[in-house]
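The values are calculated or read from the model by the stated rules, or taken from the named source; none is laboratory data. Every value quoted in this text rests on a predicted model; they were computed, and no experiment measured them. Note: ideal-geometry Cβ built from the backbone for every residue, glycine included; neighbour counts use all protein chains shown. The protein model used for the area step is the full one, side chains on, heavy atoms only, and it has no ligands, DNA or RNA in it. Shrake-Rupley method; radii C 1.70, N 1.55, O 1.52, S 1.80 Å.
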Amino acid sequence: MAFDTADIVPINDVRASFTELAEQVRHGREKIITRNGKSYIALIDARRLDHYHRLEREHIHITLLGQVAKGLADVEAGRTLSVTEARAKYKRPVKR
């Protein structure tokens with residue numbers, strides 16, 4: 001989503017016009033709130049935030065599936081270590 005200058009709001013202006021900003025955000029705009037001239041926080045619609053969180057979880061799952069596929073390929077190719085070999089390689093002490 002592209003931003004224009006109206007989407008960058010100093011924090012002092014937010015206090016005076018929060019309801020108006022919230023309505024704009026609810027209708028699809030995103031706001032960057034600045035503090036001392038620097039980006040501070042973002043104001044986005046809660047539905048969009050939920051969507052971003054779902055995308056993040058999906059990305060994590062896809063990454064994990066890729067690691068599983070790589071691990072299975074390693075097992076099929078015989079690239080495995082015993083527990084003793086793995087402990088020696090990573091210098092983990094044996095727990096008793």
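So the values come out like this:
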read-out	value
Those residues of the stretch 18-39 which are part of a strand (DSSP E or B), of a type in the set (Lys, Arg) and within 23 Å of Tyr52 (Cα to Cα), in sequence order	Lys31
Residue tally, condition of a type in the set (S, T, N, Q) and under 12 Å from Ile44 (Cα atoms), over the stretch 1-30	1
Of all residues making up the stretch 27-47, the number that are touching a residue at least 12 places away in the same chain (Cβ under 8 Å) and touching a helix residue (DSSP H, G or I) at 6+ places or on another chain (Cβ under 9 Å)	12
Any hit, the stretch 35-43, residues being surrounded by 10 or more Cβ atoms within 10 Å (Cβ to Cβ) and among the charged types (D, E, K, R)	yes
Only one of Arg54, Arg15 that is at pLDDT below 95, open to solvent by 90 Å² or more (accessible area, probe 1.4 Å) and not in a loop (DSSP other than H, G, I, E, B)	Arg15
